[in-house]
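One structure coming up, written as structure tokens, with questions to follow.
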């Protein structure tokens with residue numbers, strides 16, 4: 001049984017994170033992905049050497065692809081890219097806006113010449129507008145979009161610990177390409193798609209923006225919730241940090257009466273609703289903290305689980321590495337096999353296998369032969 005995108009050819013002029021994130025998912029689904037790299041390679045290959053000599057970022061995002069190195073300043077290499085695009089189903093690129101046109105591959109021209117081609121451009125701020133020509137990297141967009149202003153503790157804005165803007169833009173591009181392919185199956189026509197990191201993160205900022213414009217600007221409060229109490233971290237008698245989440249007033253009553261053993265608190269109208277608990281957030285959280293501090297972690301976890309209260313441990317990477325729910329895949333790289341978290345979707349039917357991470361230019365010779373150009 002074939003994978004869903006088997007038979008599709010994707011050509012990607014990509015680097016860093018956002019576009020490789022998108023095309024990695026296309027490759028996982030069975031598409032043939034040709035990764036076009038500069039002669040010196042995708043600079044993400046050199047971010048670190050922590051995956052037994054390979055870059056952790058590059059290993060994560062480039063499995064199952066073929067690597068061809070092209071110098072697009074040379075006419076013969078531009079001709080090779082043109083030949084690949086003539087046969088491609090999808091073209092992904094994340095060069096600076098305008099750069100692809102200067103190389104001779106303007107998206108409107110490609111759409112005119114190859115009507116079935118789906119073209120997806122990923123950038124910091126989009127293809128037009130006052131910031132279109134700015135260089136844009138993940139942490140810059142975290143700051144510019146306001147995301148950093150609501151992340152971290154009260155003392156200062158913070159960067160999210162992973163590249164959320166890149167990842168969001170890459171996944172938005174992936175879903176938009178799938179929509180375009182579904183449309184093409186009906187109409188026979190491709191389309192041009194533009195995805196920006198700023199738009200991706202602005203979408204994620206919808207609730208904080210609506211709250212701000214409604215008169216209540218979110219504040220940085222660390223591992224706590226701006227709108228719900230109790231929803232945060234509390235320490236047990238033996239020093240473990242537990243995060244609990246109370247989503248409704250019924251759960252609050254259960255927490256107070258059965259976990260905290262405080263029937264009076266469960267019946268107190270001053271704490272009966274989330275609105276009232278938020279008015280008294282310091283006291284609410286203080287009462288929970290006092291009760292939790294009287295129990296060791298095993299006792300408290302047992303009670304929380306018994307009464308179906310949502311909770312979690314504050315794990316670090318060491319604990320994640322041996323988490324009972326962590327699913328892993330093994331992917332070959334030029335220097336050996338790498339173990340990493342599996343993609344989140346679990347598909348019924350054909351077991352997924354994942355292709356190797358390519359060495360720089362590993363497939364250049366075969367691709368040049370296939371598409372009619374010679375080294």
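The values are calculated or read from the model by the stated rules, or taken from the named source; none is laboratory data. Note that the coordinates shown come from a computational prediction; the quantities given were computed from them, not determined experimentally. All Cβ positions, glycine included, derive from the backbone under ideal geometry; neighbour counts span all protein chains shown.
Please work out which residue is farthest from residue 252 (Cα to Cα), limiting yourself to region 286-301 and to residues that are in a helix (DSSP H, G or I) and touching a residue at least 60 places away in the same chain (Cβ under 8 Å).
So, considering only residues that are in a helix (DSSP H, G or I) and touching a residue at least 60 places away in the same chain (Cβ under 8 Å), the one farthest from residue 252 (Cα to Cα) is 297.
Can you find a residue that is more than 18 Å from residue 197 (Cβ to Cβ), in contact with a helix residue (DSSP H, G or I) (Cβ under 7 Å, 6 or more places away or on another chain) and either part of a loop (DSSP other than H, G, I, E, B) or at pLDDT below 95 (or both) anywhere in region 13-34?
The answer is no; no qualifying residue exists.
Please go through region 308-318 and pick out each residue that is on the phi < 0 side of the Ramachandran plot and either surrounded by 11 or more Cβ atoms within 10 Å (Cβ to Cβ) or assigned to a loop (DSSP other than H, G, I, E, B) (or both).
Answer for region 308-318, where residues must be on the phi < 0 side of the Ramachandran plot and either surrounded by 11 or more Cβ atoms within 10 Å (Cβ to Cβ) or assigned to a loop (DSSP other than H, G, I, E, B) (or both): 309, 310, 311, 312, 313, 314, 315, 316.
Under 6 Å between Cβ atoms, at least 6 apart or on separate chains: pull out the pairs that start in region 172-193 with a residue that is under 11 Å from residue 118 (Cα atoms) and end on any residue that is in a helix (DSSP H, G or I).
Partner pairs satisfying both residue conditions: 190/184; 191/180; 192/107; 192/111; 193/176.
Restricting attention to region 280-301, report how many residues are within 36 Å of the chain's Cα centre (by Cα), exposed (fewer than 14 other Cβ atoms within 10 Å of the Cβ) and under 22 Å from residue 219 (Cα atoms).
Within region 280-301, residues that are within 36 Å of the chain's Cα centre (by Cα), exposed (fewer than 14 other Cβ atoms within 10 Å of the Cβ) and under 22 Å from residue 219 (Cα atoms) number 2.
Separate question: Just a yes or no: is a residue in region 113-120 out of contact with any helix residue (DSSP H, G or I) (no Cβ under 9 Å at 6 or more places or on another chain), surrounded by fewer than 17 Cβ atoms within 10 Å (Cβ to Cβ) and closer than 26 Å to residue 232 by Cβ?
The answer is no, given that none of the residues of region 113-120 is out of contact with any helix residue (DSSP H, G or I) (no Cβ under 9 Å at 6 or more places or on another chain), surrounded by fewer than 17 Cβ atoms within 10 Å (Cβ to Cβ) and closer than 26 Å to residue 232 by Cβ.
Among the residues of region 334-343, are any surrounded by 11 or more Cβ atoms within 10 Å (Cβ to Cβ), more than 33 Å from the chain's Cα centre (by Cα) and over 23 Å from residue 241 (Cβ atoms)?
no
Taking the stated definitions as given, is residue 72 modelled with pLDDT under 95, assigned to a loop (DSSP other than H, G, I, E, B), surrounded by fewer than 21 Cβ atoms within 10 Å (Cβ to Cβ) and touching a strand residue (DSSP E or B) at 6+ places or on another chain (Cβ under 7 Å)?
no
Hey, residue 370 hits all of (1) closer than 30 Å to residue 39 by Cβ; (2) touching a residue at least 12 places away in the same chain (Cβ under 8 Å) but one; which does it fall short on?
(2) is the only condition that residue 370 fails.
Listed here are the residues, each with its yes/no results for (1) at pLDDT 90 or above; (2) over 15 Å from residue 60 (Cβ atoms); (3) not assigned by TED's automatic domain parsing to the domain that holds residue 67.
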{"residue": "339", "(1), (2), (3)": "yes, no, no"}
{"residue": "350", "(1), (2), (3)": "no, yes, no"}
{"residue": "355", "(1), (2), (3)": "yes, no, no"}
{"residue": "361", "(1), (2), (3)": "yes, yes, no"}
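Further question on the same structure: Name every residue in region 332-346 that is in a strand (DSSP E or B) and touching a residue at least 40 places away in the same chain (Cβ under 8 Å), in order of residue number.
Within region 332-346, 333, 336, 338, 340 meet the criteria.
Name the single residue, out of those in region 89-104 being touching a residue at least 40 places away in the same chain (Cβ under 8 Å) and farther than 18 Å from residue 16 by Cβ, that is surrounded by the most Cβ atoms within 10 Å (Cβ to Cβ).
So, considering only residues that are touching a residue at least 40 places away in the same chain (Cβ under 8 Å) and farther than 18 Å from residue 16 by Cβ, the one surrounded by the most Cβ atoms within 10 Å (Cβ to Cβ) is 90.
Is there a residue being within 25 Å of residue 153 (Cα to Cα) and either surrounded by 13 or more Cβ atoms within 10 Å (Cβ to Cβ) or not assigned by TED's automatic domain parsing to the domain that holds residue 152 (or both) anywhere in region 256-275?
Looking for residues that are within 25 Å of residue 153 (Cα to Cα) and either surrounded by 13 or more Cβ atoms within 10 Å (Cβ to Cβ) or not assigned by TED's automatic domain parsing to the domain that holds residue 152 (or both), one finds at least one in region 256-275, hence yes.
Any residue in region 203-217 that is touching a residue at least 60 places away in the same chain (Cβ under 8 Å), closer than 30 Å to residue 30 by Cβ, within 22 Å of the chain's Cα centre (by Cα) and not in a loop (DSSP other than H, G, I, E, B)?
No, because not a single residue in region 203-217 is touching a residue at least 60 places away in the same chain (Cβ under 8 Å), closer than 30 Å to residue 30 by Cβ, within 22 Å of the chain's Cα centre (by Cα) and not in a loop (DSSP other than H, G, I, E, B).
Further, regarding this structure: In the same structural domain as residue 21 (by TED's automatic domain parsing), at positive phi and surrounded by fewer than 14 Cβ atoms within 10 Å (Cβ to Cβ): is that true of residue 152 in this structure?
Considered against the rule, which asks whether it is in the same structural domain as residue 21 (by TED's automatic domain parsing), at positive phi and surrounded by fewer than 14 Cβ atoms within 10 Å (Cβ to Cβ), residue 152 comes out as no.
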